[in-house]
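A short reminder: the numbers here are calculations on the coordinates, not readings from a lab. Every value quoted in this text rests on a predicted model; they were computed, and no experiment measured them. Cβ placement follows ideal geometry from the backbone for every residue including glycine, while neighbour counts extend to all protein chains displayed.
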Amino acid sequence: MSEGKYISILDDDDMFINTRKLAEQYSFLEVYPEYKVVGTNIAVMDAGGKRLGQKRYPLTDKEIRDTLLIQNQFCHSSTMFRRDTALDVGGYQQVEGLWNINEYLLWLQLGVKGKMANLPMQSVAYTVWPRRASWMHQFKLYLKDYKMSYEFRDEYPHFFRACWRYLISYPISYLLGKRWWQKDQK
């Protein structure tokens, strides 16, 4: 419904923590029209506001492309993207019964249309909720992620590494209780 040139996302449980976020992303997209989406790094917080860690994402288009089939390389609340390109690919497409999948699909689609980047700034406090998804919901998400990687295997490299992650690594990490943001604490 937005009529702006760019869309910036802020999920209701996250918050911007860098006052330059919007200006930096706007300037980046204005200078580089070949880029369709730009994100940033994030701080990871619990529901009470305690800092749990951080997540650093790949910065360059090449780094993002090399890993996008393997895992989502953007935090939803950190992104700004071109509205016209998003509409051109169909915008957010709701996947019945699954949340947290529609933005990943959008990034894959936008990357087919142009370049992607993450700025080397931490601009969002991302909230992690305890027990936010059942094992079955997580399993369905992983299967859908795997199916999306298969659908985009000709557009992005490293499909077989994605297979390894979705079919072997994710289940083991889940069983061991390791969370996606824990490996990036520094």
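General observations
- Net +/- balance of residues flanking P33 in space, Cβ distance below 13 Å, scoring K and R +1, D and E -1: +2
- The magnitude of the dipole of the chain, with charges of +1 and -1 set on the Cβ of Lys/Arg and Asp/Glu and taken from the Cα centre, is near 720 debye.
- For the chain, the residue among M136, S123, P33 whose Cα projects farthest onto the positive side of the dipole built from Cβ charges is M136.
- DSSP assigns beta bridges within the chain; of those with both partners inside it, close to 50 percent run antiparallel.
- Applying a DSSP loop filter and a limit of 10 other Cβ atoms within 10 Å to the GluC sites (Glu not before Pro) in region 1-82 leaves E3, E34.
- In this Cβ point-charge picture (+1 for Lys and Arg, -1 for Asp and Glu), region 48-124 has a dipole of about 360 debye about its Cα centre.
- DSSP-assigned coil residues among trypsin sites (Lys or Arg not before Pro) in region 16-56, each with at most 11 further Cβ atoms within 10 Å: K50
- Charged neighbours of K115, selected by a Cβ distance under 12 Å, balance to +2 (K, R count +1; D, E count -1).
- Here the contact order of region 44-126, divided by its residue count and restricted to Cα pairs under 8 Å and six or more residues apart, works out to 38 percent.
- Across the chain, the mean sequence separation of Cα contacts (distance under 8 Å, 6 or more residues apart), normalised by length, yields a relative contact order of 33 percent.
- Using only side-chain charges placed at the Cβ, +1 for Lys and Arg and -1 for Asp and Glu, the dipole size of region 7-88 relative to its Cα centre rounds to 280 debye.
- Within the shell of other residues whose beta carbon sits under 13 angstrom from the beta carbon of M15, the net charge comes to -2, with Lys and Arg scored +1 and Asp and Glu -1.
- Restricting attention to the chain, lysine pairs at least eight places apart or on different chains and with alpha-carbon atoms under 19 angstrom apart total 19.
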